[in-house]
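The structure under discussion appears below in the form of structure tokens.
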């Protein structure tokens, strides 16, 4: 994980922008449930009325509303309204002030509302209690008769109410406020006695729940507005359009922000992929042959492609999901706390179950994710070997065996991927089950709270949405947990390449090459491959001078190629030293050292492009005349001129569209075109026929007469006229001299000579 985040640090500015956008997105996301709740609770249930204080009150209602108010409450009530003809209109517009007034005046207004429509039986019981009249007598009297006996004009009216079973019924009701007002005016009841009735109502309110109480208070406001001529339908429609418009605007903003987050996330992910590819390539280019031997080519290709792709994909997704999940989760928790629903324990339980579920799945799959990348390496290796050696496979009739080898590697990878995918298939069903059970739990508990009046339907809806958001945040993290293990393995593999320092580096204070003669001196050189138990080369001591050809010959595996690889520092000596013009090559900048060398490897390597671009590979500013001369010396001019586009003819990847001999000649021409001081031919003439070999060496002799030439060869004929020949056997020099001298003194050379030249009748043999 740390390595993945490390790759993101260079893009900290973009990450800050993304986080800011995600905060906006989360704010939008968290605001929508609140709007939904308001639409249900306020827009539908409360007819678009948000506050307990009515917008308009009739003159009579304005006076009656003060019946159950204390002096301070009356003052607040009167200061909040202004008379406009026959009605009083609310003058307060500040939402915070209205909320404060709602809290202050809720109790007296609610009591006022309850007393404005008391059912007939409750009215008679209350009159009997207050006046001491006989209950049986009151039961036989009509409301109008009771009013006449009390000297107060009373009338009954019908009202729809819900019974205990939730059914709507019509009942006769009475406005009791006129009685209390008359009794207060006559002195039958004092203001203190009337206000004391609030205690009973307050206790009732405490049992009803704040949500239901607020709805009842708003119901009073609706009734007042209706009586005062306010168009409640218009108010409701206006509120719904306003809330709906805000929801649409919020949704559009969230959509724009989401697109921007995706855009920046993709840019950062692509940038990380680009940087990693550049780092790996730059590191691999600096690797010596020792590091290349440590990392297989197939593995390096996998790390440069598949592994980086994993990091790039995960980085882009991580930016959008891992960063968004905690913002959304924390925001959801805060919103749930604001609801005051008291159901947070359900969320905590669901989160604990999710975490336990994910940990179990990850403990099972993590080892397989680590194995998966190694198996990808293996299948790439097998595929590369088969495709590269396809002609050999066909020639030996090994198609069936190689198919079986590929099938085995393919099955191993398939089994591992199937196992991890099958385990992960349990992830989403399990998560959905937890989410559905969470919803059921919220609805179950919320239904009881709604029934008790402590929660409204809209609040429960919002709570469910917030709960789903919190679970969704964990679901996002869970989804990342599927991708992260494999990406973490990929990041570790990439980091391994980047952290691997080349065993061959320039000296801290490199020397400038003072002379450019081309004298190569091996002073008691020994070399051992990393991890090997024995030296490959031992006590190699000779000098290669300009104007002379130094040839190296010996049996297969005696260390010839290893020896010449020490000259351009493809490997570094483990003992002794190699000097160029008297300076240790380890103290010379590798760029300067290799500028002096024209190296032709044992296996000719060409690059995709043209013949001309390949010949200019070592010297970009080489003229057309120079590359044509080099091609002529290398005996490549004939087949080049036969091509339709000549030097502009295309060369396929690896030089697959030219023969082995043509590839070798082009490789030799490339070294000649560079015009170096030192030529190193590592068995470069092996693919040439004897006639071409002789012609090339003859043409080359005049071109390199002032240069140092080192030739590794298997054929005696190639090096017969060399000024000095090194005979290697088991990593040691067993012979040094001209061909004639070696025929006299070196048994190994004699054996090689006699094996390649038939005895001529009457002729001299070694």
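The values are calculated or read from the model by the stated rules, or taken from the named source; none is laboratory data. No experiment lies behind these values; they were computed from the predicted model shown. Cβ coordinates were reconstructed from backbone atoms using ideal geometry, including for glycine residues, and neighbour counts include every protein chain displayed.
List of remarks:
- Every listed requirement among (1) surrounded by fewer than 22 Cβ atoms within 10 Å (Cβ to Cβ); (2) farther than 28 Å from residue 568 by Cα is met by residue 640 save one, (1).
- Breaking point among (1) within 30 Å of residue 309 (Cα to Cα); (2) touching a residue at least 60 places away in the same chain (Cβ under 8 Å), for residue 499: (2)
- Pairs, first over 20 Å from residue 197 (Cβ atoms) in region 115-143, second at pLDDT below 80 and surrounded by fewer than 15 Cβ atoms within 10 Å (Cβ to Cβ), C-beta under 7 Å, six or more apart: 143/155
- Condition met for residue 88 (assigned to a strand (DSSP E or B), in contact with a helix residue (DSSP H, G or I) (Cβ under 7 Å, 6 or more places away or on another chain) and surrounded by 15 or more Cβ atoms within 10 Å (Cβ to Cβ)): yes
- Residue 285 being assigned by TED's automatic domain parsing to the domain that holds residue 318 and over 24 Å from the mean Cα position of the chain (by Cα): yes
- Residue in region 547-557 that is at pLDDT 85 or above, surrounded by fewer than 18 Cβ atoms within 10 Å (Cβ to Cβ) and part of a loop (DSSP other than H, G, I, E, B) present: yes
- Out of 82, 144, 61, 75, one residue alone is touching a strand residue (DSSP E or B) at 6+ places or on another chain (Cβ under 9 Å), farther than 30 Å from residue 248 by Cα, at pLDDT 85 or above and in a helix (DSSP H, G or I). It is 61.
- Of all residues in region 654-676 being more than 17 Å from residue 633 (Cβ to Cβ) and touching a residue at least 12 places away in the same chain (Cβ under 8 Å), the one that is surrounded by the most Cβ atoms within 10 Å (Cβ to Cβ): 658
- Subset of region 407-434 [in a helix (DSSP H, G or I), farther than 13 Å from residue 372 by Cβ and in contact (Cβ under 8 Å) with a residue 40 or more places away in the chain]: 427, 430, 431, 434
- Given (1) exposed (fewer than 15 other Cβ atoms within 10 Å of the Cβ); (2) assigned to a helix (DSSP H, G or I); (3) at pLDDT 85 or above, index of the condition residue 121 fails: (3)
- Restricting attention to region 497-534, the residues that are within 27 Å of residue 733 (Cα to Cα), in a loop (DSSP other than H, G, I, E, B) and more than 48 Å from the chain's Cα centre (by Cα) add up to 3.
- Residues that are within 17 Å of residue 499 (Cα to Cα) and out of contact with any helix residue (DSSP H, G or I) (no Cβ under 8 Å at 6 or more places or on another chain) were ranked within region 293-319; the one that is modelled with the lowest pLDDT is 293.
- Within region 369-384, no residue that is farther than 19 Å from residue 488 by Cα and outside the structural domain of residue 490 (by TED's automatic domain parsing) sits with its Cβ atom under 8 Å from a residue that is assigned to a helix (DSSP H, G or I) and at pLDDT below 75 at 6+ positions apart or across chains.
- Residues of region 614-648 that turn out to be without any contact (Cβ under 8 Å) to a residue 12 or more places away in the chain, under 45 Å from the mean Cα position of the chain (by Cα) and part of a helix (DSSP H, G or I), as a count: 0
- Among residues of region 126-144, those that are surrounded by 13 or more Cβ atoms within 10 Å (Cβ to Cβ) and touching a helix residue (DSSP H, G or I) at 6+ places or on another chain (Cβ under 7 Å), counted: 5
- Region 580-608, residues that are touching a strand residue (DSSP E or B) at 6+ places or on another chain (Cβ under 8 Å), under 26 Å from residue 700 (Cα atoms) and free of Cβ contacts under 8 Å to residues at least 60 places away in the same chain: 607
- Residue selected from region 25-56 under the condition touching a strand residue (DSSP E or B) at 6+ places or on another chain (Cβ under 8 Å) and surrounded by fewer than 22 Cβ atoms within 10 Å (Cβ to Cβ), by the criterion nearest to residue 331 (Cα to Cα): 55
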